[in-house]
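Report on the structure given below.
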Amino acid sequence: MAVLVVEDEPGITAFVRQGLEAAGFSVMTAADGWDGLEQAQGPDVQLVVLDLGLPGLSGEQLLVRLRQLRPALPVIVLTAKDAVADRVAGLEAGADDYVVKPFSFSELLARVRARLRQPDQPSPTLVVAGDLALDVRTRQVRVGERQVPLSTREFSLLEVLLRHPGQVLSQAQLLDQVWGYDFDGASNVVEVYVGHLRRKIGAAHIETVRGAGYRLVA
């Protein structure tokens, strides 16, 4: 089963694909509306992330046609059109959700998970590595028996590290997955937030790999 990303900007496509694959999803991509419509009819596609400004067949036209062919397929619109009228038009055309660019990947991932969650098959919400446990649903983190309060960004950073225990993640990867593809803030923001996490969960849990990035030590 796969998530189909229909987007004509290569940078955004790569950003979303990398993040979804890191979260455990299989990802397919299309760069124009006609290709997106064809792929969306495949039985393996379980959700579509759809840009509206597509070449060929527009995102709005694709959505209308897709609703006729696969009315139950979840579609999350991802677009720079942020006016209320645009949101209403997208939802009335059949979109299940609407995310405005620029966006953070953690928000998009939460919306994807919410749309794929079935009432009779709740998706796992607990991520565990060693004595660290993170509950995506309740937003709670524990180190052993101790509950640790984290800010939203600290929580997102820890979740990314927890989902890749022992793997070195570069600052660029962490910026993409936690802060978003268009982040243009301080260059040392990852280092700063890693420092916050170390103080809260214990310095030994996050290792700095010089010249490469950071690694969670379970």
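The values are calculated or read from the model by the stated rules, or taken from the named source; none is laboratory data. Model, not experiment: these values are computed from the prediction. Please note: Cβ atoms are built from the backbone with ideal geometry, for glycine as well, and neighbour counts cover all protein chains shown. Side chains are part of the model used for accessible areas, which takes the heavy atoms of the whole protein and leaves out ligands, DNA and RNA. Shrake-Rupley method; radii C 1.70, N 1.55, O 1.52, S 1.80 Å.
Side notes on the structure shown:
- The chain, accessible surface, carbon-and-sulfur percent (1.4 angstrom probe): 51
- Annotation: per residue accessible area for the chain equals 49 Å², rounded to a whole number [probe 1.4 Å, protein chains only].
- Listed peptides 69-77, 14-22 by packing density, highest first (mean Cβ within 10 Å): 14-22, 69-77
- Cα point-scatterer Debye curve for the range 1-66, base-10 log of I(q)/I(0) at q = 0.24, 0.28 Å⁻¹: -0.97, -1.22
- The phi torsions of the range 37-46, fed into the Karplus equation with coefficients 6.51, -1.76 and 1.60 and a -60° offset, translate into couplings of 4, 5, 5, 5, 7, x, x, 7, 7, 10 Hz, rounded to whole numbers, with Gly and Pro shown as x.
- Span from the the range 1-27 Cα centroid across to the the range 36-83 one, whole angstrom: 14
- Total charge dipole magnitude, the chain, about the Cα centre, Cβ charges on Lys, Arg, Asp, Glu only, Debye to nearest 20: 880
- Other residues whose C-beta falls under 12 angstrom from the C-beta of ASP51 contribute a net charge of -3, scoring Lys and Arg +1 and Asp and Glu -1.
- For a modelled paramagnetic label at GLU207, 7 Å from Cα along Cα-to-Cβ, the residues of the range 135-173 in reach, with backbone nitrogen under 17 Å, are 161-171.
- Comparing mean-square fluctuations of SER170, SER106, SER187 from a GNM of the chain with C-alpha springs under 10 Å, the top value falls on SER187.
- Here r is the Cβ-Cβ distance between GLN140 and ASP32 and R0 is 45 Å; the resulting FRET efficiency, rounded to 0.05, is 0.60.
- Tilt relative to the chain, helix 152-162 - C-alpha long axis, 0 to 90 degrees, to 10: 80
- Normalised by 2.2 N^0.38 Å, where N is the number of residues, the alpha-carbon radius of gyration of the chain equals 1.09.
- Across the options GLY59, LEU197, VAL160, the greatest Cα extent toward the positive end of the charge dipole of the chain (unit charges at beta carbon of Lys, Arg, Asp, Glu) belongs to LEU197.
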